[in-house]
Every structure is written in structure tokens, then in C-alpha cells.
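Each reported figure results from applying straightforward, stated rules to the coordinates on display, with no laboratory input. What you see is a predicted model; the values in this text were computed from it and never measured. Heads up, the Cβs are rebuilt from the backbone with ideal geometry, glycines too, and the neighbour counts pull from every protein chain shown.
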Amino acid sequence: MTVLRLGEVTSTQDVAKDLAADGADHGTVVRAERQTAGRGRLGRRWASAPGDGLLFSIVLRPGGLLRDAPLLTLGAAAGIAEALDVQVKWPNDLVVDAGPDVPPLKIGGILGELEAEPGGAVRHVVLGVGLNVLQQVFPAELPFATSLWIQDGGVDREEVFERAVAAILEWHAHPGRLNLWRSRAHTLGRKVEITTGNGPGRSIIAGLATGLADDGALIVDGRPVYVGEVGSCPA
Ligand code: BTN
């Protein structure tokens, strides 16, 4: 496995996607200390002070079709959650329960970006992982963020990195990945509000999250939801 360690990049996703397009092997990892344009799901920013978090992207060549791609990120999230003993918030946020009636605290997230053939065959996937490891405080605008250090103290960033990469490689395409996700789910069995779309197309789906379908959809009041942000999970 190749691990490319860099100082400052725009986004490890950009570097890893360029390497993937040039034929980088499955399992190639790009890790950076600082990103000037780190990005998250749904067009959000991902910021992390140098030295505190883990910022990396991994090239996967899983084969398969475009429609299976969400399962890769669910599997990777479940694997990391298992390795770090945290939970998953649908679809692939890594969280820690904060008690009844309050949202869980986010400790990390995964962004999946891929290239596919016109017929839908996946050429490669780049999974970007941001983990809060050594942060001791977060800015006031991130009231629902936490870190492994805040939760447990005494964590070793290199060990967390090695465990997270190993977990992704083990679980992203594992046949048992969805059951692992279900067993690590914070979202299931809770009332949720899911925001989908934006601007005039924005809508909110509210209901009880009862399950994860085999295609990765969250089942809310019996209906599948494929894209969106779980905004609150009151008990
Ligand atoms: C999310 O929770 O919305 C996903 C966050 C993913 C952030 C990571 S940090 C490393 C990689 N590079 C990026 O620009 N994004 C991902």
C-alpha cells in the first residue's frame, strides 16, 4: 500500500483523484496536514487545524456499478466506526451519542467521489476521510463537534490513521458491511428530520428511521430516502 504524505494541499480528494485518473493502485492513500479547500458532503467545507485531525483520501478500485457506490461509503463508515468504537449517522457521518433529545456529536465524516464509464461501470472511487483526533476545543460555530481526544484522551494519531485505513480496506466491499452499519447505527429507531435538495427544491422529510435498505436507503416511515442530511435526531 502506498501512502503519500503531504504538507498543504487544496484537498486530498483533488490529489487522489488525479492519481487515480493516472492509474494509481487500489489502496493508494493521500494524507495531508492541511487543506486550503477541504470539502464535505453536500457542498460543505471541511476545516481542521494542522496537527489535530486526520485528513486523507484513499483510491479504491472495487469494480461494480454506479448504483452500488453508496454501499462503499456506508461500508467504509461502518468499518471505521467499528475500529474506533463510535457510531454512524446516516449515511456516513461518524458520531458519538450525546444523550437523549440532543443531536449526536460528529467525530468524522466520509466523502465519496467516483468516476464511471458511460455504461455505469465504476472506474475508481476516491473516499475522503476527515477525523477529529486531537482537537481539545472547537469553535462556537461547531457546537456538535467532538474529537477522539475529548472522548477518550490519550489517542495516538498514527495508530488511528492505521486502524482507519485498515478498516476501510477490510469493509468497503465486505458482504457483511450493511449489517455492521446497522449494528453501529445511531440513526435507526429515532425520529429524524432529513433535509433534501436546496433552494426552491429543498424539502424536509420527518419521521421514524426504522431501517437501512439493502441499496443503502434510509427507511423513514416506510419510505426510502436516498440523499439528504439528517439534521436532528431527538430520542
Ligand atoms: C462530510 O462529513 O461531509 C465528509 C467530510 C470529508 C472530509 C475529508 S478531509 C479529507 C478529504 N479531503 C476533502 O476535501 N474532504 C475529505
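For a Förster distance of 35 Å, can you work out the FRET efficiency between the beta-carbons of Val155 and Val227, rounded to the nearest 0.05?
Computed FRET efficiency for Val155 and Val227: 0.60.
Using the Cα centre of the chain as the reference point, and only Cβ charges (+1 on K/R, -1 on D/E), how large is the resulting charge dipole? Debye, rounded to the nearest 20.
I would put it at about 500 debye.
Based on DSSP H assignment, which helices of the chain show an axial Cα extent of at least 20 Å together with a mean Kyte-Doolittle hydropathy greater than or equal to -0.5?
69-84, 157-171
Tell me, what is the FRET efficiency for Asn198 and Ala140 to the nearest 0.05, using R0 = 35 angstrom and their Cβ-Cβ distance as r?
For R0 = 35 Å, the calculated efficiency reads 0.90.
Counting other Cβ atoms within 10 Å of each Cβ, which GluC sites (Glu not before Pro) in the stretch 57-127 have at most 12 and sit in a DSSP loop?
Passing sites in the stretch 57-127 do not exist.
Give me the number: length gained by fully extending Ala47 to Val3, i.e. 0.36 nm times residue separation minus the C-alpha to C-alpha distance, one decimal in nm.
13.7 nm
Can you run phi through the Karplus equation (6.51, -1.76, 1.60; θ = phi - 60°) for the stretch 189-204 and list ³J(HN,Hα) in whole Hz, with x for Gly and Pro?
The phi angles translate into x, 10, 6, 10, 10, 10, 8, 10, x, 8, x, x, x, 6, 9, 10 Hz.
Relative contact order of the stretch 54-191, please, whole-number percent, based on alpha carbon pairs below 8 angstrom and at least 6 residues apart.
35 percent
I'd like the distance separating the alpha-carbon centroids of the stretch 25-83 and the stretch 84-98, in whole Å.
15 Å
For the chain, which span is the longest to avoid every loop-located (per DSSP) member of chymotrypsin sites (Phe, Trp or Tyr not before Pro) having at most 15 other Cβ atoms inside 10 Å?
It works out to 1-143.
Using Cα-Cα distances under 8 Å and only pairs 6 or more residues apart, what relative contact order does the chain have, in percent?
That works out to 19 percent.
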